[in-house]
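The structure appears right after this line, and notes come after that.
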Amino acid sequence: MLEVEQLTKRFGGLVAVKNLGFSVRGGEILGLIGPNGSGKSTAMRCVMGVDAPTAGAVRFEGRDIAGLPSHKVSRLGVGLVFQHSRPLNRQTVLENIKVALIPDRLGMLLHSAEIDDRARAIAERVGLGAVLDRKPPTLAFADLRRMELAKAIAQHPKLVLVDEPFAGLTATEVAAFSELIAEFRAEGRAVLLVDHNVKSVAALVDRAVAMYLGEKIAEGTAAEVMRDETVRRVYLGGALVRAARDAAPAAHGAPLLEVRDVEVRYGKALAVQGVSLHVREGEFVALVGLNGAGKTTLFNAISGLVRHSGEVRWAGAPLAGLTPAAIARGGIVQCPETRELFGDMTVRENLELGGHRLEPTALAERLDWLFDLFPILRERTGQVARTLSGGEQQMLAIARALMMEPRLLILDEPTLGLAPVILETLSNALHRLRGSTRLTVLLGEQNVTFALPHADRLYVIDHGRLAWEGEPDRFETEAADAYL
Amino acid sequence: MAPPSWLRSRPVVAGLVILALGACVPLVGSGYVLGLLTVAFYTAVFAMAWDLLFGFAGEVNFGPTFLIGLGAYTAGILDARLAPNVSLWLCVLAGAAAAVIGGVVLALPALRVRGPYFGLTTLVAVLMLQNMVVVFADLTGGEIGLSVPDVMSVSATANYWIAFGFMAVSGAILYGLSRSPIGLVLQASGQDPVQAGALGFNVTKHKLFAFVVSAFFSGLAGALMVFYMGTASVGTFVDISVGVQIIVAAVLGGRRTVIGAAIGAVFLIAMGEALRPLGELATLIVSLLALLVVLFFPDGILGMLQGRSRRD
Amino acid sequence: MLAWQILIDGFAIGSLYALGATGFTLIFGVSGVLNLSHGAIMVAAAVAAWALAGLAGAGPWAAALGGIAIGVALATLTYFVTVRPIQRSPRVAEAEKEIFILTATLLWGIIISEAIAYLFTNNAKTVLPIVEGVVGWFGVRTPANEYFTAAVCWIAIGLLWLLVNRTRHGKALLAASMNPRGVTLLGIELSRIHLAVWLIYGVLASVAGILLGMFLGVSSYSVGPLTASAFSIVVLGGLGSVSGSLIAAYVVGYLETATAYLISPAYRTIPALLLLVVVMYLRPQGLFGRR
């Protein structure tokens, strides 16, 4: 029913999707999986017409729909459930669903009883019968997601696109949603699911396509894809090799960073739940978990960038009430997943901004030290940050963070989207850092193989909760299998 | 048929109360009060038309006076030039038509851009019109203004009823539109165009429709007001400060309620009059109050009545 | 002769516009705000300078400095009274904040302009010129003031450029306009940056206003057209592009001057507006806009 061939999408210089091809039949559920930045959501938006493909063909029931505006695609029989709920907050649930049923004509001046009945029927079907007259701000998160499903299927689409169906749901809710989606399949519709977690959709999909950096890297049944070598290497960093580890400094005394029972909500969704961890001075602690497990949210809570309940203590004192900039000045420096570089400034300017609190001599010394650690940056001092390669940008981001002379460096997914060759360089740099300084590091990574050789201790985070904690040696025996 | 719960909704109740009060005024009010309220009622229609565009299509029109001015001046110029061969009402219709055409011409570039650019485009339109009026002074009367030979009526009471009736009918139509399925789609287009597109709606088409409706009512009200006042001038119909007054009226009354805009307009005009003894300070105080409303009561009068101070 | 006259006058006007537009763009780039009380601040500074000279007997330099002080104070107030409260307000939806701020700054501008009219009447006022007399350069007799105006504008723009590109604090401002979160992660308080930007803006707008007051005179009637021309220029040049604003300022300045001399002063503003309309139709993001 849906055929995608050689789909390519470029945003300026960035290639988000490259030569992607797959197909979905009626009565089948296909899962498009990949980490953040793999291009899966972009591919889905290209199918729906929200973005226009740069090249390639998208055929729906034999008809080329690439480049059509989304409202035309929708009327041809394609429905999309967005990743984030987008309700009309001033309208009731019933009215929200009715919008999906109204035809695209200007003459609709009177409410029709027929539309009203159909809206009610759909609401009953997805389980919203009891809350029809309530407004979205009063609804539970799962109900908001149900409403999104209701809107997407209101027009009886032949193809349903679902973006991250289970994000933010509890186990029981996941089961309920899976059933609803399975019903679509039973009705003969084609379903395309997009998610970053094979495990959670494995039970539901008939086939899966794995993506990385915009390209397809594997295809087959869910089990086949999970076992695929390339997939494991790219998502997990390959086989878990016990590498020589640095001698761990004596870790005793009060923890430098203490996180107690932190909980973060985005709107209704619970992103981080009851997480408690600690990091001692000089330790290298790794927080491993798949994309979307809650690492970034937790780091943002520690850095003061999102509101949270629970407590974060730094060097014995609570961080509550400090601005994020104050927390950074206090010694907790984060190098986020998105790097947040100053794109139009040169490498040198970025670094100098990082050292804005240093005296000129100290600044020069620090710069020298960092150029030693990351020689490629010395070569590229005058180059504008935006034009650097992914690996170089990551190194610049880390170097800039180090310019701030942090006591605790929080690194969020430094290896995301980088070619394996760069990972070695990064790994070496981290080794040298550990060897020559008393820097404390909290590393968040999906790539366990990258994290293991450096870590003194490991936490595993899954769906916003800590699932395991311990030494790297024990990880392989105890937690590794459950990980993917 | 929709259940009659809509009859009990706050905006409708407020609207009916206003209408009832308004109907009583000619019995007790002086000619001065009637005249004041007549102007207030026309302003109410300006504000309601603005609210439909903003509240429902999500587009901030910083130059509603572009549409109003087009309607007013077209009607005025036609009458000044062609009277007595042409009926006053024909001029009014021509004014409305001119405003609609102007609205479409404005909408085309404006709808292609987002955010601040849209607002700026509408502001530029007003400036253009203002400059055109001054430049073609022999046609438009320039800064002094244009006198029109015809007026709708010389009786203050008759003028009052015309304005009152016009406001009531326009209000009913605009409010009805806002509550109809089209209104629902406009809300969706305004709040979340991406989602509206994914649900199958041609967002541009619907926003253009909202523009046309807003332009029609603005132009019509402007044209009618010319034949009430007997003159057209930049200061009453085109100036940016008039536009600001309209926006403030709609925000004051409560965005997205249509009826609120009418309440805001009447309130604002009444307050302006009440403060007239203060002379030059009047505008300053009104602007100050408006600023306070924008800062502290963003949901407006109707919003406060509905006890809503939560963010949407 | 006429050609030189147009060149010189146009350059002076263009420079004034450039200074004002640079300030306007700075605020938009860093604070994300289109300040519609721009004209009011310019005029307030000029009127303050005039009042200090005329009513308090201050000399031209002292009056000018006093005017700048008032302008800076008003600019800072603009930030604290209209921009910051709305940006932090939990009662306004994110998507609507821009519109509310626009409306609030517009109202604030009206308040200032009405206050000026009330306190000092709305007659045109000329600020005591710092440089007097007439010079005969290029074979044209021009008030020395015009050259002074252009010089001061360019010195101010030059200083700003130096500040932003060569000093540590200035680079932090530039960085904040590119990536506010990046700046926070580096331990720099955004609130301080916003304050600094509005202070700098206050100086730029005040200087532009006072120079205008010396050159052509101002009144509370000038407020609207000044704001209008500032954002026309900024939109023409492309929102967020300083170089675009500079070029657009001269384009508009020369269009206005040429029209005033060659056609009629009454039609001064028309060609620039027409250009703006054309640009909006063909290239809505402006000549150099990128956002």
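The values are calculated or read from the model by the stated rules, or taken from the named source; none is laboratory data. Please read these numbers as outputs of a predicted model, since none were measured by experiment. No Cβ is skipped: glycine too gets one built from the backbone with ideal geometry, and neighbour counts run over all protein chains shown.
Taking strands (runs of 3 or more DSSP E) that do not extend beyond region A:375-484, which have at least 1 residues that are touching a Ser or Thr at 6+ places or on another chain (Cβ under 9 Å)?
Passing ranges, in order: A:408-412, A:440-445, A:465-470.
Provide a single number: the residues in region B:207-229 that are within 14 Å of chain A (Cβ to nearest Cβ) and buried (at least 24 other Cβ atoms within 10 Å of the Cβ).
2
Quick one: how many residues across region A:51-103 are in a loop (DSSP other than H, G, I, E, B), within 26 Å of the chain's Cα centre (by Cα) and touching a residue at least 60 places away in the same chain (Cβ under 8 Å)?
5
Would you please list the contacts, defined by Cβ atoms under 7 Å and residues six or more apart or on different chains, that run from a residue in region A:394-412 that is in contact (Cβ under 8 Å) with a residue 40 or more places away in the chain and outside the structural domain of A:V288 (by TED's automatic domain parsing) to a residue that is crowded, with 24+ Cβ neighbours inside 10 Å and not small (G, A, S)?
none
Name the residues in region C:95-130 that are in contact with a Pro (Cβ under 7 Å, 6 or more places away or on another chain) and more than 7 Å from every other protein chain (Cβ to nearest Cβ), would you?
C:L128, C:P129, C:I130
Considering only residues of region C:1-60 that are part of a helix (DSSP H, G or I) and polar (S, T, N, Q), which is surrounded by the fewest Cβ atoms within 10 Å (Cβ to Cβ)?
Among residues in region C:1-60 that are part of a helix (DSSP H, G or I) and polar (S, T, N, Q), the one surrounded by the fewest Cβ atoms within 10 Å (Cβ to Cβ) is C:Q5.
Do we have A:A243 as modelled with pLDDT of 80 or more and at negative phi here?
Here the answer is no, as A:A243 does not meet what is asked.
Go through B:A137, B:A96, B:A83 for me and flag whichever is of a type in the set (G, A, S) and in contact with a Pro (Cβ under 7 Å, 6 or more places away or on another chain).
Selected residue: B:A83, the only one of B:A137, B:A96, B:A83 that is of a type in the set (G, A, S) and in contact with a Pro (Cβ under 7 Å, 6 or more places away or on another chain).
For region A:29-45, name all the residues that are touching a helix residue (DSSP H, G or I) at 6+ places or on another chain (Cβ under 7 Å) and either more than 18 Å from A:G292 (Cβ to Cβ) or aromatic (F, W, Y) (or both).
A:I29
State whether the residues of region B:96-106 include one that is of a type outside the set (A, V, I, L, M) and more than 14 Å from chain C (Cβ to nearest Cβ).
Yes: region B:96-106 contains one or more residues that are of a type outside the set (A, V, I, L, M) and more than 14 Å from chain C (Cβ to nearest Cβ).
When you look at C:F138, is it surrounded by fewer than 18 Cβ atoms within 10 Å (Cβ to Cβ) and either over 23 Å from the mean Cα position of the chain (by Cα) or more than 14 Å from every other protein chain (Cβ to nearest Cβ) (or both), yes or no?
Considered against the rule, which asks whether it is surrounded by fewer than 18 Cβ atoms within 10 Å (Cβ to Cβ) and either over 23 Å from the mean Cα position of the chain (by Cα) or more than 14 Å from every other protein chain (Cβ to nearest Cβ) (or both), C:F138 comes out as yes.
Name the single residue, out of those in region A:101-123 being closer than 24 Å to B:P193 by Cβ, crowded, with 17+ Cβ neighbours inside 10 Å and of a type in the set (A, V, I, L, M, F, W, C), that is farthest from the other protein chains (Cβ to nearest Cβ).
A:I122
Checking the structure you have, find out if any residue of region A:330-350 is assigned by TED's automatic domain parsing to the domain that holds A:L408, assigned to a helix (DSSP H, G or I) and more than 28 Å from the chain's Cα centre (by Cα).
Checked against the condition, which is being assigned by TED's automatic domain parsing to the domain that holds A:L408, assigned to a helix (DSSP H, G or I) and more than 28 Å from the chain's Cα centre (by Cα), region A:330-350 yields at least one hit.
Identify, by number, the condition in (1) within 18 Å of the chain's Cα centre (by Cα); (2) under 30 Å from A:M403 (Cα atoms) that C:C153 doesn't meet.
(2)
Tell me whether region B:269-281 contains one or more residues that are of a type outside the set (D, E), touching a residue at least 40 places away in the same chain (Cβ under 8 Å), within 13 Å of chain C (Cβ to nearest Cβ) and crowded, with 20+ Cβ neighbours inside 10 Å.
Taking every residue of region B:269-281 in turn, none turns out to be of a type outside the set (D, E), touching a residue at least 40 places away in the same chain (Cβ under 8 Å), within 13 Å of chain C (Cβ to nearest Cβ) and crowded, with 20+ Cβ neighbours inside 10 Å.
Do any residues in region A:357-370 that are assigned by TED's automatic domain parsing to the domain that holds A:L402 have Cβ atoms under 6 Å from those of residues that are of a type outside the set (A, V, I, L, M, F, W, C), where the two are at least six apart or on different chains, and which pairs are they?
From region A:357-370, the pairs are A:L363/A:G355; A:R366/A:G355.
Taking region B:282-305 only, how many residues are surrounded by 18 or more Cβ atoms within 10 Å (Cβ to Cβ), aliphatic (A, V, I, L, M) and at the interface with chain C (Cβ under 8 Å from one of its Cβ atoms)?
Residues meeting the conditions: 5.
Suppose the filter is part of a loop (DSSP other than H, G, I, E, B) and touching a residue at least 40 places away in the same chain (Cβ under 8 Å); does A:V205 pass it?
Yes: the conditions hold for A:V205.
Which one of these is part of a helix (DSSP H, G or I) and surrounded by 18 or more Cβ atoms within 10 Å (Cβ to Cβ): B:L174, B:L90?
None of the others qualify; the one that does is B:L174.
Can you tell me how many residues in region A:320-329 are crowded, with 21+ Cβ neighbours inside 10 Å and either outside any helix (DSSP H, G or I) or more than 8 Å from chain C (Cβ to nearest Cβ) (or both)?
The number of residues fulfilling the criteria is 1.
Of all residues in region B:125-165 being of a type in the set (S, T, N, Q) and assigned to a loop (DSSP other than H, G, I, E, B), which is modelled with the highest pLDDT?
Looking at residues that are of a type in the set (S, T, N, Q) and assigned to a loop (DSSP other than H, G, I, E, B), I get B:S155.
With respect to A:R434, determine if the residue is more than 14 Å from chain C (Cβ to nearest Cβ), out of contact with any helix residue (DSSP H, G or I) (no Cβ under 9 Å at 6 or more places or on another chain) and crowded, with 16+ Cβ neighbours inside 10 Å.
Answer is yes for this residue.
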